[in-house]
Amino acid sequence: MVVPIYTQIVETIRKKIDSGELKPGDAIDSENTLCKEFGVSRMTVRKGLAILAQEGYIYSIPGKGNFVKKPDLTKYTLYYDEMTNSINIVDKTRLLEVNIIMPDEKLADDLQISRRKNVISIKRLFYTDGDPVAFDIKYLLYYRGMPIVEKEIKEATFSEMIAKTTAAFAIKKELMIYAEVPSEEIKYYLNIYNELPVLVVEQKLLSKENKPMGLGITYYRGDYIKLYGTSQ
């Protein structure tokens, strides 16, 4: 299979940056130089440079050229799925309740709605090998006539719940992660009888216009959860 020339340009420059031959702040060869080196048009060269910029390898200064970008060593991509993590896989879910509620002040603020706006509250338990490992609450905006199919809700991830009414690629996500002492309700459901903390993961799903579409809060037993992230 023939590799497109613009891909060859990307790989050539990327290797120079990864090997340290080109360092942060160094100038990339000019478009004219790259055109002559690879025997291609300026449009093909610009396509390759655009990919490198999108990947975070280079940046452009109008009138001066392209330069190697300093990597952000504090940035990680976190892989999160409420049904799967580095320790265990949820193999059973139990739907505790589905209710239509009026939000309290904090929930209304999180969802940017009036306290008179109805919200769907979904509570579930996640199990691994017969043991409860997470207590899960999802809050979805309710619309009149909106069907609530409990069978579909029982085992769906948060994104899958929202994706039933909104295209998956149109959903933006925010995560907040912290530890806390569990409430008596959470202790009861997760069989916690000591001072074991829980890891809390809050998911907020938003539309392209940054309007909240739902809020999910999952409380994991501290001995049953591990999250994984990697730098790019």
- Complete set of residues in the range 179-224 that are of a type in the set (A, V, I, L, M, F, W, C) and either without any contact (Cβ under 8 Å) to a residue 12 or more places away in the chain or over 14 Å from L125 (Cβ atoms) (or both): A179, V181, L196, L199, V200, V201, L205, L206, M213, L215
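Need at least 2 residues that are at pLDDT 95 or above per element, so show me which helices (runs of 4 or more DSSP H) inside the range 121-232 make the cut, counting only ones lying wholly within it. Lay out the reasoning, then the answer.
Details: elements: 150-154, 158-163, 184-190.
So the answer is 184-190.
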- If you check V40, V2, which single one turns out to be more than 15 Å from A53 (Cβ to Cβ) and touching a helix residue (DSSP H, G or I) at 6+ places or on another chain (Cβ under 8 Å)? V40
- Task: Tell me which residues, restricted to the range 42-99, are among the aromatic types (F, W, Y) and over 24 Å from the mean Cα position of the chain (by Cα).
- Result: Y59, F67
- Using beta carbons and a limit of 7 Å, which pairs, at least six apart or on different chains, have the first residue in the range 24-37 and farther than 12 Å from I9 by Cα and the second one surrounded by 13 or more Cβ atoms within 10 Å (Cβ to Cβ) and of a type in the set (V, I, T)? P24/V68; G25/V68; D26/V68
- Note on the structure: Filtering the range 35-94 for residues that are over 30 Å from G20 (Cβ atoms) and assigned to a strand (DSSP E or B) leaves a count of 6
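In this structure, does I61 turn out to be exposed (fewer than 13 other Cβ atoms within 10 Å of the Cβ) and in contact with a Ser or Thr (Cβ under 8 Å, 6 or more places away or on another chain)? Can you show your working first?
Working: exposed (fewer than 13 other Cβ atoms within 10 Å of the Cβ): yes; in contact with a Ser or Thr (Cβ under 8 Å, 6 or more places away or on another chain): no.
In short, no.
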- Out of all the residues in the range 98-130, which are over 22 Å from M176 (Cβ atoms), in contact with a Phe, Trp or Tyr (Cβ under 8 Å, 6 or more places away or on another chain) and among the charged types (D, E, K, R)? K117
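The values are calculated or read from the model by the stated rules, or taken from the named source; none is laboratory data. Computed from a prediction, not measured in an experiment: that's the story for all the values here. Every residue, glycine as well, gets a Cβ built from its backbone with ideal geometry; the counts of neighbours run over all protein chains shown.
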